[in-house]
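Below: one structure, written as structure tokens.
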Amino acid sequence: MAQYNPVTEAVLAALKAAVGAEFVKNDPETLTKYQTDEETDPRLFHKPEVVVLPGNTGEVAKVMKIANQFNVPVTPRSAGTSVSDGAIPVYGGIVLLMERMHKILEINEAGMYMVVEAGALTKEIQEAAKAKNLLYAGDPCSADSCMIGGNIATNAGGNRAVRYGTTRDQIYAVEVVTPTGDIVNLGARLKKKSTGYCLEQLIMGSEGTLGIITKATLKLLPLPPYRLDLLAIFTDLHKAVTLVPNLIKAGLNPTSVEFMDNKFVRSSSDYCETKLPHYEDGCYLIVTIETFNEDELDTKMEQLDEICESSGAVDVLEADDRVWNLRRNCLESTRSISLIGSSDDLVVPVDQIANCITHLMDVSKDFKFTLFCLAHAGDGNLHFQLLKGDMTDQEWEDQVNGFHAIAYPYVYSLGGRLSGEHAIGAKKLVAMEKVTDPVELNMMRAIKRALDPKNILNPGKIFNV
Ligand SMILES: Cc1cc2nc3c(=O)[nH]c(=O)nc-3n(C[C@H](O)[C@H](O)[C@H](O)COP(=O)(O)OP(=O)(O)OC[C@H]3O[C@@H](n4cnc5c(N)ncnc54)[C@H](O)[C@@H]3O)c2cc1C
């Protein structure tokens, strides 16, 4: 168990001197606000002792030096949309909030890159790129509210990852404050690089345990001018998910391949007050194709239409924004059914996605919770939402643990992993320690100890040191 000191008057005074008194908050309302992220189970909340809002990289570095000096833990936080309890300050201490560092510093059209502060909103980055007829390809479904620093720290995925990869594929370089308070620039605006360890990639996806990202240089791409979204509806779930690897093999290079089971179709349709065909019995597969040439788009759409129909789709429609709205609101929609739920994010090889979804949905029938399933199907990444409903807390915990005890080893047996995009956070720490090769886990621990000898930065996440 990590041992830390409390945030004393001396710590508060040092923090106020570092960032300005108005940006150091420890009133009860603020502390309550930052005791959780998207977590809804109060048993998992932890209050910070102080919330600090630095205004620049130098101030972040000062906060880390103070934290080391006084042995106080620090939890970096961007928008707090983590669904893996990543932004919860498990050991109290300081929550370091990035929201003041939100500027887009440079958009370079000729060089096709953008430099941003880590607290810039993902949506604003996407819009700024689009205004220059360029594409920032990172696109988590939470883009309206999350920040780029949080995306980099979790290696966020989303709807376009099947074509463009996850956040780590969109980044040239990062400016980082180390756990001991040094400032370093990692990576470079280069197409290729074989110059020592690839430390920028180590920081990406490290969930704020190895450094605080303060700036990033993002890759921009040409924006494809032609786009069509298609909704393929299936009444047989297995047929819907079996189609996915065929679609990838056909060389259509889709931008998105999103799957919603019928429970999500119904909950999100009710929530959005939008009813599309087969509301009662349909699973939806949303496929987006983008091209630089109109004829290519027509050819690919014909091909896609044929594949969907020959795979057993009962309806194939051109999808408008109502369909994407249903997809975006899936998670929100289940909250009106049960406030307490457990979202799971698992990833398997794309050719195993059909087996995995159908098998685990069958397994879930032996449990009392309600299971909803959606997937970024084109990259093998599935999300289960388990809803508590009418159960005692103990029963709920036993049910969820019982399901995970079957699901996680099964996913590993298929060559999968515990998280495709939401990361491990505090939520899957115990599972991570159970399923990870001990040698791999010890390599991770050795890196953490070397960079953060006092275990100051985001303790209680990914694994125990
Ligand atoms: C409705 C909804 C839809 C979602 N859809 C997707 C999706 O499609 N794809 C996906 O990948 N995720 C999705 N998520 C999860 C979440 O939005 C992502 O994990 C996102 O990247 C978190 O960003 P944030 O700004 O909210 O970070 P936070 O929640 O504040 O932090 C996330 C983690 O990163 C660390 N961190 C934050 N900022 C920094 C920093 N500057 N330096 C170092 N560490 C930092 C935190 O300590 C924490 O561990 C969704 C969440 C919701 C609620």
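Only the coordinates and a few stated rules stand behind these numbers; no lab work does. Small disclaimer: the values here were computed from a predicted structure and weren't measured. FYI the Cβ positions are ideal-geometry reconstructions off the backbone, even for glycines, and counts take in every protein chain you see.
Here are some notes:
- Each pair of Cα atoms in region 104-222 enters the Kirkwood radius, and Stokes-Einstein at 10 °C and 1.306 mPa s then converts it into a translational diffusion coefficient of 112 µm²/s.
- When the charge dipole of region 393-461 is built from unit charges on Cβ atoms (+1 for Lys and Arg, -1 for Asp and Glu) and taken about the Cα centre, the candidate among TYR408, PRO453, ASN442 whose Cα reaches farthest toward its positive end is PRO453.
- Rg over Rh, two decimals, the chain (C-alpha only, Kirkwood Rh): 0.97
- Using the average count of surrounding beta-carbon atoms within 10 Å as a protection proxy, the listed peptides 25-31, 413-419 rank, highest first, as 413-419, 25-31.
- The chain: relative contact order in percent, alpha carbon pairs under 8 Å with at least 6 residues between: 16 percent
- Taking every DSSP helix (H) stretch of at least 4 residues in the chain, weighting each as -39,500 (n - 2.57) and dividing the sum by the residue count yields a mean residue ellipticity at 222 nm of -10500 deg cm²/dmol.
- Percent RCO, i.e. relative contact order, over region 163-205, from Cα pairs under 8 Å lying at least 6 residues apart: 34 percent
- Relative contact order [Cα under 8 Å, 6+ residues apart], region 225-421, whole percent: 27 percent
- Based on Cα atoms of region 20-72, Rg over Rh with Rh as the Kirkwood radius reads 1.03.
- Cα centroid separation, region 187-264 to region 320-354 (Å): 16 Å
- Modelled label positions at ARG43 and ASP270, each set 7 Å beyond Cα in the direction of Cβ, lie 2.6 nm from each other.
- Point-to-point label distance, ASP281-ASP398, nm (Cα→Cβ direction, 7 Å offset): 3.7 nm
- Debye-formula intensities of region 38-190, expressed as log10 I(q)/I(0) at q = 0.10, 0.11, 0.13, 0.14 Å⁻¹, are -0.38, -0.45, -0.63, -0.73 (one equal scatterer per alpha-carbon, no solvent).
- Label sites at VAL430 and ASN246, each approximated as a point 7 angstrom past Cα along Cα to Cβ, lie 4.2 nm apart.
- Out-of-range pairs (alpha-carbon distance over 18 Å; input LYS62/LYS427; LYS62/LYS215; LYS192/LYS219; LYS25/LYS428; LYS62/LYS454; LYS263/LYS427): LYS62/LYS427; LYS25/LYS428; LYS263/LYS427
- Using the alpha-carbon positions of region 306-458, Rg (one decimal) and Dmax (whole number) come out as 18.2, 59 Å.
- For the peptides 439-445, 83-89, residues were scored by their other Cβ atoms within 10 Å and the scores averaged per peptide; the highest-first order is 83-89, 439-445.
- From most to least packed by mean Cβ count within 10 Å, the peptides 222-229, 166-173 give 166-173, 222-229.
- Expressed to the nearest 5 percent, the antiparallel share of DSSP beta bridges inside the chain is 85 percent.
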